[in-house]
Amino acid sequence: MSEVHQLVRMLKDKNLTLGLAESVTCGMAAYKLSNVKGISEVLRGSIACYTPEVKIALFGISKRMIEKYTCESMQVTQALVTKLPKLIPADVYVAVTGLASPSPNGSESKIKPVGTAFICVRYKNKLYKTKHVFKGTPLQIKNKICLELYRFISSILE
C-alpha cells in the first residue's frame, strides 16, 4: 500500500481530519490525497501559500520574519502551521515550505540548497519538525517532498 493510501487509512481509522498549508508543493500534497477513496472524510482543506504576499496577508506572517529567514525556512513553516488552525478547522495540521528550483530572490545557499524542504506538523498541541534535502528535477523534488510529508505525518500518528 502506498504512503498516501496508508495515511488516509490511518486518519480514517483514528477519526482525524487534516488541514494543509502548502508553499513549495503548491497544492500537490492535497491533490495526491484527493485521489484516494474516502479522502472527503478526512481532508478539510489545503491552502497554496506560494508567495510571501499570501503568507503575510492570509496567515499574518510578519514581513520582518520573511526578510530575516526567507519564505523557505523552518521559522516560517512553523509560523504557518501555528496559524493554520485559524483558517482550517482540523485535528492534524501540516505546513511545508522549501525550494524545488532556484529562487528568484536567491534564497538558496550551501546551507539551504535547491531541494530543501521544511515540514511542520501540529497534532494535539505538539509541534513536530523535519528538514530534508532532495535531488532531482523540480517535479521530482515536489513528489519526494509529498512522499516524505505523508510518511512524517503517519509516523507521528502511529
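Exactly one residue out of G60, G19 is modelled with pLDDT of 95 or more and within 12 Å of the chain's Cα centre (by Cα): that is G19.
Cβ separations smaller than 9 Å between residues 6+ apart or across chains give the following pairs from segment 1-24 residues that are free of Cβ contacts under 8 Å to residues at least 40 places away in the same chain to residues that are in a loop (DSSP other than H, G, I, E, B) and crowded, with 16+ Cβ neighbours inside 10 Å: S2/V36; H5/V36; V8/V36; V8/V42; R9/V36; K12/V42; N15/V42; N15/D91. Screening T70 against (1) at pLDDT 95 or above; (2) over 20 Å from M28 (Cβ atoms) leaves a single unmet condition, (1). Taken together, I61, I88 contain a single residue that is surrounded by 16 or more Cβ atoms within 10 Å (Cβ to Cβ), free of Cβ contacts under 8 Å to residues at least 24 places away in the same chain and either within 22 Å of L127 (Cα to Cα) or out of contact with any Cys (no Cβ under 9 Å at 6 or more places or on another chain) (or both), which is I61. Suppose we filter segment 1-21 for residues that are part of a helix (DSSP H, G or I) and within 10 Å of D91 (Cα to Cα); how many remain? So the count comes out to 1. Name every residue in segment 26-44 that is of a type outside the set (A, V, I, L, M) and either on the phi > 0 side of the Ramachandran plot or assigned to a helix (DSSP H, G or I) (or both), in order of residue number. Across segment 26-44, the qualifying residues are C26, G27, Y31, K32, S34, G38, S40, E41. Within segment 124-143, the residues that satisfy the criterion of being surrounded by 16 or more Cβ atoms within 10 Å (Cβ to Cβ) and touching a residue at least 24 places away in the same chain (Cβ under 8 Å) are I141, K142, N143.
The values are calculated or read from the model by the stated rules, or taken from the named source; none is laboratory data. Bear in mind the structure is a predicted one, so any value in this text is a computation, not a measurement. Neighbour counts are summed over all protein chains in view; Cβ atoms, including those assigned to glycine, are modelled from backbone coordinates with ideal geometry.
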